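Report on one structure; see the data block that follows.
The values are calculated or read from the model by the stated rules, or taken from the named source; none is laboratory data. Values in this document were obtained by computation on a predicted structure and should not be read as measured data. Cβ: placed from backbone, ideal geometry, glycine included. Neighbour counts: every protein chain shown. Only protein heavy atoms, including side chains, enter the accessible area calculation; ligands, DNA and RNA are left aside. Shrake-Rupley method; radii C 1.70, N 1.55, O 1.52, S 1.80 Å.
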Amino acid sequence: VYHPDLCFCVSVESCDSPLVSALPQSAFSSSSELSNSHGPGFAKLNRRDGAGGWSPLDSNKYQWLEIKLEQRTEITAIATQGRYGSSDWVTRYLLMFSDTGHNWRPYRQEDSIGAFSGNSNADSVVMYKLQQPVIAQYVRILPLDWNPNGRIGLRLEAYGCQYKSDVVSFDGSAHLLFRPDPSATPANRDVLSMNFKTLLNSGTLVHMEERSGHTLTLELFRGKLLLQLRKGTNTHFSALPGSSDDRTCGSVCLLNLCTSLHSFLLDDQHWHHVSVERVRGLVNFTVDKNTQQFQLPESWSHSEINESHNTRLGNVSFTCTESIDVPVTFASPGSFLALPWVSGGESVSVALQFRTWNKAGLLMTFDLQHNAGTLWLYLSEARARLQIHKTGRIMTDITAGASLNDGQWHSLELAVRRGRLAVTLDRTDSSTASTSFPVAPDSQLFLGGCPETEHSSCRNPFSVFQGCMRLIRTDAALVDLIRVQQMLFGNFSDLQMDMCGIVDRCSPSRCEHGGRCSQSWSTFHCNCSATGYSGATCHSSIYEASCEAYKHKGNTSGFYYIDVDGSGPIKPQLIYCNISDKAWMVIQHNNTELTKLKVSSGINQHLAHFNYSADVEQIQAIITQAEYCEQELSYHCKKSRLLNTPDGAPFSWWVGRSGEAHMYWGGAVPGSQQCACGLQENCVHPEHFCNCDADSKEWSNDSGLLSHKEHLPVRALTVGDINRSGSEAAYRVGPLQCYGDNSFWNAAYFNKETSYLHFPTFHGELSADISFLFKTSSSSGVFLENLGIKDFIRIELSSPTQVLFSFDVGNGPLEVKVETASALNDERWHHVRAERNVKEASLYVDHHPGAVQKAPADGHIHLQLNSQLFVGGTASRQKGFLGCIRSLKLNGKTLDLEERAEITPGVTPGCPGHCSSYGDLCQNHGSCVEDHSGFTCDCSLSPFTGTFCHKDVSAFFKPGTSVTYTFKEPYELNRNVSAQSSSIYSDLTLKGENVSLSFRTSQAPALLLYVSSYYREFLAVLLNRNGLKHVRLNIVDFAILVNSAGDTEISSKTLEETTFVFFLGETSEKQETKTFPLNTQMHLFLSAESGEVDPEIARLNALGFTGCLSVVQFNSISPLKAALLYPDTSPVIVTGPLSESSCGSSLHTNPYAAETTHSLTDHVGSVNTGEPIVNAINSDSALIGGVIAVVIFVSLAALAVMARFLYRRKETFQPQEPKAGKTDDSPETPFNTDPNSQSIISDNQKEYFI
């Protein structure tokens, strides 16, 4: 709504008219001039008057050229030129603006760039269009650099247009009151727009009240602009709140609504633009060039405020009087201001105002008269501290104030009167001390720092001050800083006069993802703790994007934080990863249990809503990225129909992700209005498509999996047929489960150096992160490149041991390199992570030490690219990459390499060969098996199971429990293949048997393992009666005994050339190893014909075994694993009770033994990026109490029982065909993939007892 009495705004189509060329010479001024013909009035673009431009008397950094425009003007561009026909030109300069000719404001191009690049000769014109137009009447140029072979020389032109607006001024107690028109129709769009400026940091600009009681307040608070939206109950319009501190001067254009927090340091007496725009419920809040967008509550969707008339209350004037404020900036380590001290009175008073971001810095110092010492007043930990030193002793030490580094103006006064010294901050916080000597400056007062000269008496043992000062007073007299600038009073160095150059680097904050921003004078810092992100700006996620990624880091099942979009806006979410052959992400909701429903009078439907542990955006991203998703949907019914098939209207339905109701059930296809049995045509009653639709009085159910990704997850469920007598029902909606990661395995193979993939331009202006995996045999090649007009970004393999990240954002090319100790062209996957932000660029390769390159101070920060992004090569087709690139992500978004590779010559989608990189994750002799997207671990030759063959298979044995495994003689495998092979096996004498097992028991003696053949050959593993006493070191206590020829006594000799590894205690990390040399006189071969079992072994066998056995293996056979996991398909006989136990889980120091199978509720523990949250699980308590847990690993590689079992042929065998082997961890393979054995049971057998 526009009010003609309040605001007059001029709108012009173009704003690029010359502003300087028509001005008189009196409008020009300068710091100095070389001669009358080099005066400032000759500094007009393309003019040759006088000496052809302006040149100062001395070419130094304190010179300036100033232009006074006819009136306040909108300035949109600036152009410069050197002095005509000379070697004088400016190569770099600052552009400054003012309304009054004082308190100058530097123009910044990118919030950090203050300097403009100037000319390279005397004649060419360099023009800059200002990104943000400036409204001012005065323009000043400060040369920073010039032609080293000449002098400062300048001609210039400014472009823009006339700016007009009515102005209103408030004195802190007055206000304008606008009353709404009750009959006006609310508008769909409201705009509040104004410019304001003030010297004070707090005050109310606009306050609005609706008839409904809602209020809107636009308030300046401590230099920040705060837009507040409140819901109140008072429907009466109240007076605009003000305070004695309110002093604002603004040009107001339009009015109406909104809320949020924005910008800082707005109390600088410069014009700032504020705009609040509401379009229906969406609000754009803009301060200067920073915009924040947010959504209004529904109750604020329409404005009730429309202007009818206004009332002026208090001292309101329509002119804006300017106060002359001359600040000074201490910007560099060499900055100081020296003032002469001329007062000779008994009292001393020094006062000033300052603002800074630094916690430390010298404010003032001076030597005391009569050599009484030195006074320092400085900032320490953001407090003001005064010390007087004399001959190395601290005579006085006081502090005052707190949090003085908040960027606000603070007043400081040092007063000495009658032996009493006082330091006062902000007129309220004062500290005093008594002195027994006069405290007065000797001759000079130094502010901010000391001269860097040997002859100076000023010494500064503290940090220099970096910040602004103003209103400096000595003995109540205001120091004229303009005279100081003209070098007519005092002395200074490296000061920026008549301006405050403080910059708020935290508004808007460059810290991402909720990182907390703090700052000093020259930089800012982001605190990323508790955000889930890292880096200089909290840009990069510390979590993986899927359970698939955690699996391929070697992690097992547990809770992990998943950041599905990496550095994108979606927050990390704690999700359970069920890692087996596939890595399932399990997303719980508030009701995964079976819920029973009964008839309720008056209730025709039951409606259930499901709230998930992840929000909608997270779930959608997870489902999109996953290869497959499913969710169980079950309905148990008793006289309760479900979908009312075949032709009726459904009684029940479920609501999916988009809010659409679906009439098909688990196991059926979308749109079918069927259940799983209808699709499979096996419903109890064929005329129905759901079992429950038969309306049976007996319990029935319809269950199945929903797997159409676009419909998942189930958000709500409606159950209808539950209001009849006798109706009962129960439903269950399981957790959402997804596996696979389409981005993790998305790969392309580049087989030509000239081949590449191209994608749209990469937009990473302020923050850019790039991550990918590669493998190659080539020594060099470009991974990716994106170009701009001048800017570029590139990552390449520059040598077999070096990855190079190079870029240019306008400050010149920069490089970040990572050198690796080993070659990267080894055909293994290597991970590259590069990030560039406004503070630094970093590069990491695998786990090698990273490299960081700091960004130039006050340099360009925007990366501006405009060409296509090239992957695997460059636009010039030079230095192309040969090999595979996988999982390429730019700012958290995955590029679909496979899709582009399908249509690009020289590039093939996908890339096999993952076992070369991930095969080491398969433990305990598990073998890596290639998949198209990933790998699996084949545990068939390992006594372990699990995703990485890391999970032991254990059982607790009681005296009546045993396992017998029966297997075929090895030479029988290829009995009828050929005569040659038959003879080979018939003559075979095995040189040893590989035995591995772990046990824990309190029983001794005990028989652990017994192997015998048809020929009465046997091998026994037993624990003698001294086992518990000496098991730690005495290897005799653990013996493998054989029945040797002619001697049936039990041998108590230790095995030779055998390695035993002891793990003492359930959580012990100490290991003991002993190795014994081979006694060649001892033969582990027997030919006894007695057929009797050794009496000692028979006695031990009769006692049975009480304890835990785990990971038992004999050669390639895992009998305990076969008995527990595949009892129906394995040649095993189990006597007594036997069930899988976790009793062996503490027997190993396996780094991957953290897999959990506990309930998904009531989890306890801590969370990090690599370890899952697990419940504390107590060890098996069925063991005899107080036993010492002992584990003996006799590994396949380490333990070689070098026994020669001569397999003799005693009778003729019938030919039999062997079964076909399998390569996975199937019931047929845990005990038989070795070509030297088979699973066919024949007359000639070995028996393996546990």
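Below is a table of values for the structure above.
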| quantity | calculated |
| --- | --- |
| Surface accessible to a 1.4 Å probe, Thr432 within the full protein complex, Å² | 70 |
| Rotationally averaged projected area of segment 419-562 (alpha carbon convex hull; nm²) | 16.4 |
| Net charge over other residues, Cβ less than 13 angstrom from the Cβ of Leu594 (K, R count +1; D, E count -1) | -1 |
| Amide H contacts under 5 Å for Ser567, placed H, 5+ residues apart | Ser541, Gly892 |
| Sequence of Glu710, Glu630, Glu930, Glu74 from largest to smallest accessible area, 1.4 Å probe | Glu710, Glu930, Glu74, Glu630 |
| Projected label distance in nm at Ala476 and Thr1135, using a 7 Å step from Cα toward the beta-carbon | 11.3 |
| Binned Cα-Cα distance frequencies in segment 342-433 - 5 Å width, integer % | 3, 13, 25, 27, 17, 11, 5, 0 |
| Tail beyond 23 Å, pair distance distribution of segment 849-941 (Cα, percent) | 52 |
| Additional length obtainable on full extension of the chain from Arg108 to Ser37, 0.36 nm per residue less Cα span | 22.3 nm |
| Estimated distance in nm for a label pair at His932 and Ser876, the labels positioned 7 Å out from Cα along Cα-to-Cβ | 4.0 |
| Evaluated over segment 421-487, the Cα radius of gyration and Dmax, each in Å | 14.7, 40 |
| For Gly913, distant residues with modelled amide H under 5 Å away | none |
| Candidate residues Phe178, Phe446: accessible-area rank, largest first, probe 1.4 Å | Phe178, Phe446 |
| Rg/Rh ratio calculated on Cα atoms of segment 699-747 (Kirkwood radius) | 1.17 |
| Extended-chain gain in nm, criterion 0.36 nm per residue less alpha-carbon gap, Val599 and Asp123 | 162.0 nm |
| Thr428 - accessible surface, heavy atoms, 1.4 Å probe, Å² rounded to 10 | 120 |
| Mean projected area (nm²) of the alpha-carbon convex hull when segment 707-831 is viewed from all directions | 13.7 |
| Carbon and sulfur %, accessible surface of segment 315-376 computed with the full protein complex present, 1.4 Å | 53 |
| Approximate spin-label separation Ala1004-Gln802, in nm, with each point projected 7 Å along Cα-to-Cβ | 6.2 |
| Residue-normalised accessible area of segment 21-61, given per residue in Å² at a 1.4 Å probe | 48 |
| Phi-based couplings in Hz for segment 135-142 (Karplus 6.51, -1.76, 1.60; Gly and Pro marked x) | 9, 6, 10, 10, 10, 9, 10, 10 |
| ³J(HN,Hα) computed for each position of segment 457-474 - Karplus, 6.51 cos²θ - 1.76 cosθ + 1.60, integer Hz, glycine/proline x | 7, 7, 10, 10, x, 10, 5, 6, 8, 10, x, 10, 10, 7, 6, 7, 10, 10 |
| Solvent exposure ordering (accessible area, 1.4 Å, most first) of Ser507, Ser1139 | Ser1139, Ser507 |
| Residues whose placed amide H lies under 5 Å from that of Gly361, excluding near-sequence neighbours | Leu379, Ser463 |
